[in-house]
Amino acid sequence: MPSRSSLEKASYHHNPLDVIEDFIAAQEWPCQRVSHDELVMEAPGRWCDYQISFYWQEDLNVLQIYTALDFKITQDRLDETVRLLDLVNQRLAFGHFEMSDDNAAPAYRYAQLLTGQPHLKSVFLEELMEYALSECERFYPAFQFTILGSKTAAEAVEIALLDTLGEA
């Protein structure tokens, strides 16, 4: 196992939030640098505008992306939403959906270890954001059917992932 000093030498040299902030500005999306290690932005989506938070954990060299969906989970839909989270997470290649700390809203979270990378590449950032937003877009209807509707988690996932055949 490498020593702590060799890991420190391989540490990320710059705050990746600086690169992210420049990227977001170029897209002309609203954003706010909350602190040295947190950035919050909004990105337009098909179903809603998503609030995306980036967290930089310098001591671990980890960049986290957290994308909140605009739903409030009521107590009567909480159990079914938990079942939905399980079904949705089984279909993800990276990251996971979870409930916010107060169990009020679902969110997508992904963490990337940046150890050994001298700087964040814009191509990686674009892919990271594209993947996070595409997963939110893909499963947004399932959350809508479960949280706001009367569908079970299984029904909601099945409907949301139904491929449309043919042309209208």
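The values are calculated or read from the model by the stated rules, or taken from the named source; none is laboratory data. Just so it is clear, the structure is predicted and the values come from calculations on it, not from any experiment. Reconstructed Cβ throughout: ideal geometry from the backbone, glycine too, with neighbour counts over all protein chains shown.
Have a look at ALA25, ALA68, ALA10, ALA43 and point out the one that is under 30 Å from ALA154 (Cβ atoms) and modelled with pLDDT under 90.
Only one candidate passes the filter, namely ALA43.
Those residues that are modelled with pLDDT under 85, within 22 Å of LEU39 (Cβ to Cβ) and in contact with a helix residue (DSSP H, G or I) (Cβ under 7 Å, 6 or more places away or on another chain), I need them from region 81-118; list them, please.
If the condition is that a residue be modelled with pLDDT under 85, within 22 Å of LEU39 (Cβ to Cβ) and in contact with a helix residue (DSSP H, G or I) (Cβ under 7 Å, 6 or more places away or on another chain), then THR115 is the only one that fits.
Provide a single number: the residues in region 48-81 that are of a type outside the set (Asp, Glu), in contact (Cβ under 8 Å) with a residue 12 or more places away in the chain and over 21 Å from GLN117 (Cα atoms).
Total meeting the criteria: 16.
Quick one: would you say SER122 is within 21 Å of PRO44 (Cα to Cα), hydroxyl-bearing (Ser, Thr, Tyr) and out of contact with any strand residue (DSSP E or B) (no Cβ under 7 Å at 6 or more places or on another chain)?
yes
Considering only residues of region 28-47 that are of a type outside the set (A, V, I, L, M, F, W, C) and touching a residue at least 60 places away in the same chain (Cβ under 8 Å), which is surrounded by the most Cβ atoms within 10 Å (Cβ to Cβ)?
Applying the filter and picking the extreme gives GLY45.
Which one of the conditions (1) surrounded by fewer than 14 Cβ atoms within 10 Å (Cβ to Cβ); (2) touching a residue at least 40 places away in the same chain (Cβ under 8 Å); (3) β-branched (Val, Ile, Thr) does VAL123 fail to meet, given that it meets all the rest?
VAL123 satisfies every listed condition except (2).
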